[in-house]
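Reading through the structure tokens given below for one structure.
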Amino acid sequence: MSSATSATEAAFAPIVFHWYEAEVAAIAPVTPTVKSVRLRCAIADRQRAGQHVDVRLTAEDGYRASRSYSVASPPDGSGTLELLVEGLPDGEVSGWFFDTAEVGDRLEMRGPIGGSFSWDGPDGGPLLLAGGGSGVVPLLAMLRRRAEVAPEIPAALIFSVRSRAEAIALDELEARHRDEPHFSLFLRTTREGDGRRVDDALVAAALDWTGAPGKVFLCGSNRFVSPTADLIVAAGVPAGIIRTERFGA
């Protein structure tokens, strides 16, 4: 990911290193393996769409565990932000959110983090977004922000998931595809239907929709991001405008 930092991004940097108390405001299931968690905290509404935060839990014996989560919500004035937490086997933090956390529980949070992997309406477009699995979360924040402040900017989302049942916010994304004239969803399921992964034809279709993109954001596992970025570059998009976030193997 690029380390370039604008003056706007720099304005957020000092709060990254300070932990703030946060309170669980709401918890709700999204898919069988993902929960929506609303947290009330002093840093809510300071984030740019696409950024992430660190969450830290402290046990009674003093043991601490922390995890980074992309923020799914754009700044909305509510004093809260939304995380979409995927339950992971033996996950210390995700396991707490899934099995123990209740409204009113307290934890610590710091951020927002991630200067170059963020977007706001004045940053322009068109936008080409590509997410693999839970990598769609920061891109969802960008699409929500775009709908609020710049719905005229063309945007396409390439979304690769194993199955429709595991696709985060699929109902919302398909509604946007139907109702927003300048947005199109390109969904690819890898373990149902024809079981295809993202390929050059899908990238070409997304680029036909957007035209030459001004901003490109990719997020997902290494095995999703690297080949997808290669396909986008091979389609003629300058590598210098592509921003990526990767996780896992």
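The values are calculated or read from the model by the stated rules, or taken from the named source; none is laboratory data. Model, not experiment: these values are computed from the prediction. Don't worry about glycine lacking a Cβ; one is built from the backbone with ideal geometry, like all the others, and counts go over all protein chains shown.
Which condition does F224 not pass, out of (1) surrounded by 19 or more Cβ atoms within 10 Å (Cβ to Cβ); (2) of a type outside the set (D, E); (3) part of a strand (DSSP E or B), if it passes all the others? All conditions pass for F224, except number (3).
For segment 96-152, taking the residues that are touching a helix residue (DSSP H, G or I) at 6+ places or on another chain (Cβ under 6 Å) and without any contact (Cβ under 8 Å) to a residue 60 or more places away in the chain, the one that is surrounded by the most Cβ atoms within 10 Å (Cβ to Cβ) is identified as A150.
Would you pick out the residues in segment 98-134 that are of a type in the set (S, T, Y), more than 20 Å from F159 (Cβ to Cβ) and within 14 Å of the chain's Cα centre (by Cα)? Answer for segment 98-134, where residues must be of a type in the set (S, T, Y), more than 20 Å from F159 (Cβ to Cβ) and within 14 Å of the chain's Cα centre (by Cα): just S116. Would you confirm, using the coordinates I've provided, whether S94 is outside any loop (DSSP other than H, G, I, E, B) and polar (S, T, N, Q)? Against the criterion (outside any loop (DSSP other than H, G, I, E, B) and polar (S, T, N, Q)), S94 qualifies. Within segment 29-74, being assigned to a loop (DSSP other than H, G, I, E, B) and either touching a Ser or Thr at 6+ places or on another chain (Cβ under 6 Å) or touching a residue at least 40 places away in the same chain (Cβ under 8 Å) (or both) holds for P32, T33, I43, A44, R46, Q47, R48, G50, Q51, A72, S73, P74. If you check V216 against the conditions, is it over 20 Å from P154 (Cα atoms) and in contact with a helix residue (DSSP H, G or I) (Cβ under 7 Å, 6 or more places away or on another chain)? Considered against the rule, which asks whether it is over 20 Å from P154 (Cα atoms) and in contact with a helix residue (DSSP H, G or I) (Cβ under 7 Å, 6 or more places away or on another chain), V216 comes out as no. In segment 79-92, the condition of being modelled with pLDDT under 90, surrounded by 13 or more Cβ atoms within 10 Å (Cβ to Cβ) and of a type in the set (G, A, S) is met by at least one residue.
Against the definition (outside the structural domain of V55 (by TED's automatic domain parsing), touching an Asp or Glu at 6+ places or on another chain (Cβ under 8 Å) and more than 16 Å from A49 (Cα to Cα)), how does G104 come out, yes or no? When the stated conditions are applied, G104 does not pass them.
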